[in-house]
Amino acid sequence: MLEKDTVERVLVITAHPDDVDFGAAGTIAAWVDEGISVTYCIITDGDAGGADPTVPRGEIAGIRRAEQRAAGAVLGVSDIRFLGYRDGELTVTHDLRRDLSRVIRQVRPQRVLMQSPDRNWKRIYASHPDHLAAGEASISAIYPDARNPFAHTSLIKEEGLEDWTVGEVWVMGSPTLNHYVDVTDKFEMKLAALHAHASQTAHMDDLPGRITGWLSAQAAEAGLPEGRLAEAFMVVDTV
């Protein structure tokens, strides 16, 4: 893993608003506290989400963008970029890889937090088709696209965005976990961020209990003492 003092910028790439808060809000809060600059890149607007049938579908995208901005503010993240792809229809295309490469070259992160391109049969909700596509497009943008000056040449010729190599990837929802972060002290912030996604969470029974149970199980897997809470990742060296 990269040494803490070598990480100045982190880019988070997810398919939907709220994905990062379910998977890594506690970890994000800790990074911000360490002085790391965190940027979110949300590929879709989550326009196929929401649980209230009385809300006009044309309003959902705007609602979910606003909710993600509010959730980011809870954790100290204000640089949030939306690519505007359609929720539920995400596929790995050349255009998506180029758009992610653009953001990588703009932000120039040492670390990228992304979703898993591998289906997790133990946690099927982590493996929404959009999540899998986002994961595959993200890792393709990280390697080889963003670091290859001869890929997506319009990014250099027309936008002046030089190639950039991401040193490390943290993967959420992976079936192969190898790193755990104790987020016990950030639990209330994580919960507040999730509550900011009211269109997605207001109808959930006992959200705090659900999240506590999930994080407690991961803390036990990590060998942490009883009562601790953890978020889990697969960390990969991508240099």
* To do: Count, please, the residues in region 69-89 that happen to be closer than 13 Å to Thr14 by Cβ and touching a strand residue (DSSP E or B) at 6+ places or on another chain (Cβ under 6 Å).
  => 8
* **Only listed residue being over 15 Å from the mean Cα position of the chain (by Cα) and not in a helix (DSSP H, G or I), chosen from Ala51, Ala70, Ala61** => Ala51
* Is it fair to say Gly213 is free of Cβ contacts under 8 Å to residues at least 60 places away in the same chain and outside any helix (DSSP H, G or I)? -> no
* Regarding Pro225, is this residue more than 13 Å from Ala24 (Cα to Cα) and in contact with an Asp or Glu (Cβ under 9 Å, 6 or more places away or on another chain)? -> no
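Let's see how each residue does on (1) surrounded by 18 or more Cβ atoms within 10 Å (Cβ to Cβ); (2) closer than 20 Å to Ala126 by Cβ:
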position	(1), (2)
Glu168	yes, no
Pro175	no, yes
Ala193	yes, yes
Trp214	no, yes
Leu224	no, no
* **Residues located in region 100-133, provided they are surrounded by fewer than 21 Cβ atoms within 10 Å (Cβ to Cβ), free of Cβ contacts under 8 Å to residues at least 24 places away in the same chain and either small (Gly, Ala, Ser) or in a helix (DSSP H, G or I) (or both)** => Ile124, Tyr125
* Which one of Leu177, Leu161 is part of a loop (DSSP other than H, G, I, E, B) and in contact with a Lys or Arg (Cβ under 9 Å, 6 or more places away or on another chain)? -> Leu161
* Here are some conditions: (1) crowded, with 24+ Cβ neighbours inside 10 Å; (2) hydrophobic (A, V, I, L, M, F, W, C); (3) farther than 20 Å from Lys190 by Cα. Val38 meets all but one. Which one does it not meet? -> (3)
* **Residue among Ala70, Ala30, Ala61, Ala48 that alone is closer than 18 Å to Asp185 by Cα, of a type in the set (A, V, I, L, M) and either touching a residue at least 12 places away in the same chain (Cβ under 8 Å) or surrounded by 24 or more Cβ atoms within 10 Å (Cβ to Cβ) (or both)** => Ala30
* Asked: Is it the case that region 144-162 has a residue that's closer than 25 Å to Gly88 by Cα and touching a helix residue (DSSP H, G or I) at 6+ places or on another chain (Cβ under 6 Å)?
  -> yes
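Each value in this text was obtained by applying a stated rule to the coordinates, not by laboratory testing. As the structure is a computational prediction, the values presented were derived from the model and not from experiment. Heads up, the Cβs are rebuilt from the backbone with ideal geometry, glycines too, and the neighbour counts pull from every protein chain shown.
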